[in-house]
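What follows is a single structure, written as structure tokens, with notes after it.
What follows is calculated from the coordinates using simple rules that are stated; it is not laboratory data. Predicted model only: the values in this text are computed from it and were never measured. For neighbour counting, all protein chains shown are included, and Cβ atoms are generated from backbone atoms with ideal geometry for every residue, glycine included.
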Amino acid sequence: MKPFPAVLREHKRYVAFRVHGVLDEQAVKSALSQAVLGLIGESGFADANFSVVGYAGGEGVCRSTDLRLYDVIAALTLVSRIGEQPAWVEVLGVSGTIRKTNLYKHRRV
Amino acid sequence: MKYYDLLASHEVRSVLQSLGFGAGDGVVVDDARRAPAGVVCFVRGGSLELNRLVVRSKAHVLLDPIADGKMSVDSAVVQVAKDNGVAFGISLAQFLRVSRSRRAHLINAYRRLVQLCTRMGARIVLVSDARDAFGIRSPVQLVSLGVLLGLSVNQAKWSVSEVPAYLLGEVSVK
């Protein structure tokens, strides 16, 4: 017997993003988590299973579930400051696998 | 599907096009009669009296009909807006300017407006109203704002693509 049936598992979505303004990793991770927590609350945060999977050089990938995907993107949209500095987060694309988000990440504006 | 952000300052237009937005122009005026020809005319609302005046004018879009998180739109205003072909404009800048607690009230009021508009068939258009590079966002982020305010994903995509395209077509015909 499987510990958790595949049909009940959450559907992960990976959001590729680029941060304009601030590049410090810890500050960015903390700001994004706080933004999502602030917008959708603890219960929503648990539903979203949000986490920043990777971040380097101003670009990164965060994880959500399909149920809370647009809430997470809206939270990233409403980020206007990171720390004390003005910044904004550009969502590059959404995918079901980390591998495919790399295609979005290297697209230059 | 082509996305439009009708209201952004000229300094950020080139960045908008690289984010995937099509070319389209809108302007905020105080009086719709003084609007230049060939551009979509936005008039800022706020109070119930002002919103009533704007939906009866020749404006194309009533921008930011809710200020300070107070519900300043009733079903009569939405009905008149629908009859006169005036769309409701929701700007992202309004959400970025306010604090978290005031943003919560703003989201609540806009959700009620969106409910009214979807029930009565009035058009909604989502814009960034960016004045500098920190105010712009990608199309999917504007769509997510619409979803946050109670639109379905397709309705939100429609308000960033088809509704602005319709308004631009209407302006070019005149």
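Dipole size in debye (nearest 20) for chain A around its Cα centre, Lys and Arg Cβ +1, Asp and Glu Cβ -1?
540
As I understand it, the dipole of the protein assembly as shown uses +1 on the Cβ of Lys and Arg and -1 on the Cβ of Asp and Glu, about the Cα centre. Which of A:Met1, B:Ser57, A:Val79 lies farthest toward its positive end?
The listed residue farthest towards the positive side: A:Met1.
May I ask you to derive the relative contact order of chain A, considering only C-alpha pairs under 8 Å and at least 6 residues apart, and to give it as an integer percent?
With pairs under 8 Å counted, the relative contact order is 39 percent.
Can you compute the charge dipole magnitude of segment B:3-173 about its Cα centre, using +1 on each Lys and Arg Cβ and -1 on each Asp and Glu Cβ, nothing else charged? Give it in debye, rounded to the nearest 20.
On the way: 20 positive and 14 negative charges, 95 e Å.
So the magnitude is around 460 debye.
Between B:Leu48 and B:Asn84, what is the spin-label point distance in nm, taking each point 7 Å from the Cα along the Cα→C-beta axis?
1.7
Can you work out the FRET efficiency for the pair B:Gln115 and A:Asp47, with r the C-beta to C-beta distance and R0 = 25 Å, to the nearest 0.05?
In this case the efficiency is close to 0.60.
Where the eigenvalues come from the Cα gyration tensor of chain A, what are the semi-axes √(5λ) of the equivalent ellipsoid, largest first, in whole Å?
Largest first, chain A gives 24, 17, 11 Å.
Put one equal scatterer on each alpha carbon of chain B, apply the Debye formula with no solvent term, and list log10 I(q)/I(0) at q = 0.14, 0.15, 0.17 1/Å to two decimals.
-0.66, -0.77, -1.02
Take B:Glu170 and B:Ser9, extend 7 Å from each Cα along the Cα→Cβ direction, and tell me the distance between the two endpoints in nm.
Output for this residue pair reads 2.8 nm.
Counting alpha carbon pairs within less than 8 Å and at least 6 residues apart, what relative contact order, in whole percent, applies to segment B:1-105?
That works out to 19 percent.
Partner chain Cβ atoms within 10 Å, averaged over the residues of B:141-152 - can you pull that number for me?
Mean partner shielding for this stretch: 4.
For the protein assembly as shown, how many pairs of lysine residues have a Cα-Cα distance under 14 Å, where the two are 8 or more positions apart or belong to different chains?
Lysine pairs meeting both conditions in the protein assembly as shown amount to 4.
With runs of 4+ DSSP H residues as the only contributors, calculate the mean residue ellipticity of chain B at 222 nm using -39,500 (n - 2.57) per run, divided by the residue total and rounded to the nearest 500. The partial results should precede the final answer.
On the way: 8 runs with 82 residues, N = 174.
It comes out at -14000 deg cm²/dmol, rounded to the nearest 500.
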